[in-house]
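The values are calculated or read from the model by the stated rules, or taken from the named source; none is laboratory data. Since the structure is predicted, the reported quantities are computational estimates derived from the model, not experimental observations. Because the Cβ atoms are built from the backbone with ideal geometry, glycine has one as well, and the counts that use them run over all protein chains shown.
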Amino acid sequence: MSVRVRRVYDPPEPGDGVRVLVDRLWPRGLSKEDAQVDEWPKALTPSTELRRWYHAGEGTYEQFRHRYEAELADPASAELLDHLRELSHRGQVTLVTASKARDKNHAAVLAALLTT
């Protein structure tokens, strides 16, 4: 399995494989052509409530990760995760996000789940 996380604002690279936007909102100031996103599974992103809670600094990354993993246990989310797992078995999958935090964001949680 090959899954990596990159910022959506970074120029696409030939080795990106399938580019999956994992943000609920479209990144500001970026055209769809420039993003070169292949898939955008909005239902796989953290809920608005969880995202706001975490960005307000009301909890730690570990608490966020546990809450997000609980949301991902929902059958619809689990199905989307399985789809991304299948894609990663076939080749490179790059999860793209607008988040500046490289290691402590929802994309990192997804990447960890997809590679275990």
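Looking at the stretch 32-44, which of the residues that are at pLDDT 95 or above and not hydrophobic (A, V, I, L, M, F, W, C) is farthest from L114 (Cα to Cα)? Step by step, filter the stretch 32-44, then rank; the result is Q36. Of everything in the stretch 67-116 that is basic (K, R) and surrounded by 11 or more Cβ atoms within 10 Å (Cβ to Cβ), the residue that is modelled with the highest pLDDT is R67. Can you tell me how many residues in the stretch 46-65 are of a type outside the set (V, I, T), exposed (fewer than 15 other Cβ atoms within 10 Å of the Cβ) and outside any helix (DSSP H, G or I)? Here the count works out to 5.
Given the structure, is A78 under 18 Å from L113 (Cα atoms), hydrophobic (A, V, I, L, M, F, W, C) and free of Cβ contacts under 8 Å to residues at least 12 places away in the same chain? Yes; evaluated as a whole, the condition is true for this residue. Taking (1) in contact with a His (Cβ under 8 Å, 6 or more places away or on another chain); (2) part of a helix (DSSP H, G or I) in turn, A43 satisfies each apart from (1). Restricted to the stretch 57-114, and to residues that are in contact with a Lys or Arg (Cβ under 7 Å, 6 or more places away or on another chain) and hydroxyl-bearing (S, T, Y), which residue is farthest from Y9 (Cα to Cα)? For the stretch 57-114, the residue satisfying everything is Y61. Evaluated against (1) without any contact (Cβ under 8 Å) to a residue 60 or more places away in the chain; (2) out of contact with any Asp or Glu (no Cβ under 9 Å at 6 or more places or on another chain); (3) in a helix (DSSP H, G or I), G29 falls short on exactly one condition, (3).
Restricting the first member to the stretch 89-116 and to residues that are in a helix (DSSP H, G or I), and the second to residues that are of a type in the set (S, T, N, Q), the beta-carbon pairs closer than 8 Å and six or more apart or on different chains are H106/T45; H106/T97; H106/S99; A107/T97; A107/S99; L114/S88. Do we find that E62 is at pLDDT 95 or above and not aliphatic (A, V, I, L, M) in this structure? The answer is yes for E62.
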